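One structure is given here, and the rest of the page talks about it.
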Amino acid sequence: MNENNLTALGEQIYSIKDISPKQLGVTSRQINYWIQHKLTPFLQLQDDDLENDDEVSKRKWVRLNLVQAVWVCIIKELLSLGTTILDLDVLAQNVWNKPRIEKYADKVFQKELNRKVNPLSENAQQTIKNYLGDELLMEHEFRTVINPFTDMVKSVILTEGLPHSMVYVPETIAHNFLLHDHELTLKLSSAFMEHPLISIPIVPIVAKVFALDFSNPKKELLYLSDIEKQIRDIVVFKKPKSVVIAFENDHIKPITITEQHKSKEQLARYILENKIAKGSKLLIEIRSQGNYVLTLIKK
């Protein structure tokens, strides 16, 4: 992605808050309880006055951006596994507040500036320097949204490879985020090997969140390439009886989506796990009885 696309993607990940907890299977009572107990430190209860039969009632509501929605799904999963509210409070502070206090975002920006071969333009580098020099902007904006957790979610969206997982040790409340890199063994150090641990795969959760967007034809899905958008449009809006998606020469195992088992979540996961290279071409073959064959050809 170029610099403009990355900026736009960041806006969609961090700024657009249009996901309801209800869409994630979380009730209003649950999300309010989590907010009160600081499991979602990025959220505050909001009161909205509604007039009904000359009476004013209070409705509490929240909306989430993409990374916040992923975190809410993780909280829900850990609660289902028996993690206590007290332990989740500590975990949430470690994931969201500790990096802010330690100025993790500043280190990320500085690392970009210190690259020997910097892919950023001079204008982009100067913009980052301006950000670093604006303490109010850093404290109230970038440090609140840039941390190892949000970096992992971005990695799921932008890169191909597994695992992308959150590892959590209930006995010590330690956690780590595992990416597809050479530091995997190092990250799973003895501190994580002496006690039972929980590993939560992130790709299925992000796919679940993506699936909420797939039915919205008006929302520009900046995290999808043009080819991925075409595939989404065919599967979701044309509602074919069967779609076969394959790379040429069986480079990636084909997936067949039929009326019986196709789902937006399944499609989102396929796209996340099979990144389509820039410059690829999509051949669309419409067959009888409402069937499609989509062949992806890499340059």
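For the stretch 134-157, state whether one or more residues are at pLDDT below 90, in contact with a Phe, Trp or Tyr (Cβ under 8 Å, 6 or more places away or on another chain) and open to solvent by 60 Å² or more (accessible area, probe 1.4 Å).
no
Which one is modelled with the highest pLDDT among residues in the stretch 94-121 that are surrounded by 15 or more Cβ atoms within 10 Å (Cβ to Cβ) and among the β-branched types (Val, Ile, Thr)?
Within the stretch 94-121, the match that is modelled with the highest pLDDT is Val95.
Of the numbered conditions (1) at pLDDT below 75; (2) surrounded by 12 or more Cβ atoms within 10 Å (Cβ to Cβ), Ser190 fails exactly one; give the number of that condition.
Tallying (1) at pLDDT below 75; (2) surrounded by 12 or more Cβ atoms within 10 Å (Cβ to Cβ), Ser190 fails exactly one: (2).
State which residue is modelled with the highest pLDDT when the search covers only the stretch 253-290 and only residues that are among the polar types (S, T, N, Q) and surrounded by 11 or more Cβ atoms within 10 Å (Cβ to Cβ).
Gln266
The values are calculated or read from the model by the stated rules, or taken from the named source; none is laboratory data. The shown structure was predicted, so the numbers you read here are calculated from the model rather than taken from an experiment. When we count neighbours, we look across all protein chains shown, and the Cβ atoms used for this are built from the backbone with ideal geometry, even at glycine. Ligands, DNA and RNA are stripped out before the accessible areas are found, and what is left, the full protein with its side chains, is counted by its heavy atoms. Shrake-Rupley method; radii C 1.70, N 1.55, O 1.52, S 1.80 Å.
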